[in-house]
Amino acid sequence: MRIRTDSDYAYREDAIEQAADFYDCNKTKAVVSACEDVPHLVATARQVLERDDLTHEQRQEIAETLSTRVTNFQIEKTVTIERN
């Protein structure tokens with residue numbers, strides 16, 4: 001598999017290098033590790049945001065903290081996740 005990092009996709013190289021630094025491994029393993037971690041982390045974040053012992057304000061603050069450029073947690077009556 002190849003990941004384009006030229007032109008408009010140059011930012012991907014930095015993201016992949018940051019993942020490799022984070023996981024302390026090569027770029028391929030970092031990409032695979034991130035792909036395995038993200039669905040679990042999002043599901044866990046959703047469970048936290050749906051806890052009954054949190055106030056609406058606490059949920060909003062946690063959602064804002066956990067939101068990224070790509071995954072945005074929004075608090076309404078139910079928890080929704082938007083992917084850009």
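Summary of computed values
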quantity	calculated
Every residue from segment 39-53 that is closer than 30 Å to Tyr11 by Cα and of a type in the set (Val, Ile, Thr)	Val42, Thr44
Selected residue (only one of Ser67, Ser33, Ser7 is open to solvent by 90 Å² or more (accessible area, probe 1.4 Å) and small (Gly, Ala, Ser))	Ser7
Where a residue in segment 15-27 is surrounded by fewer than 16 Cβ atoms within 10 Å (Cβ to Cβ) and its partner, wherever it lies, is at pLDDT 95 or above and not charged (D, E, K, R), with Cβ under 8 Å and at least six apart	Phe22/Ala30; Cys25/Ser33; Asn26/Ala20; Lys27/Ile16; Lys27/Ala19; Lys27/Ala20
Inter-residue pairs, beta-carbon under 9 Å, first hydrophobic (A, V, I, L, M, F, W, C) and in segment 65-81, second part of a strand (DSSP E or B) and modelled with pLDDT under 90, 6+ apart	Val70/Arg83; Phe73/Val79; Phe73/Thr80; Phe73/Ile81; Phe73/Glu82
Selection within segment 43-78 - in contact with a helix residue (DSSP H, G or I) (Cβ under 9 Å, 6 or more places away or on another chain) and in a helix (DSSP H, G or I)	Ala45, Val48, Leu49, Arg59, Ile62, Ala63, Leu66
Check on Arg46, touching a strand residue (DSSP E or B) at 6+ places or on another chain (Cβ under 8 Å) and among the charged types (D, E, K, R)	yes
Residue match in segment 54-70 (condition: under 23 Å from Tyr11 (Cβ atoms), modelled with pLDDT under 95 and of a type outside the set (Lys, Arg))	yes
Arg51 being open to solvent by 100 Å² or more (accessible area, probe 1.4 Å) and farther than 26 Å from Thr80 by Cβ	no
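The values are calculated or read from the model by the stated rules, or taken from the named source; none is laboratory data. Model, not experiment: these values are computed from the prediction. A quick note on method: Cβ atoms are made from the backbone with ideal geometry, for glycine too, and the neighbour counts reach across all protein chains shown. When the accessible area is computed, the model is the full protein with side chains, heavy atoms only, and any ligands, DNA or RNA have been set aside. Shrake-Rupley method; radii C 1.70, N 1.55, O 1.52, S 1.80 Å.
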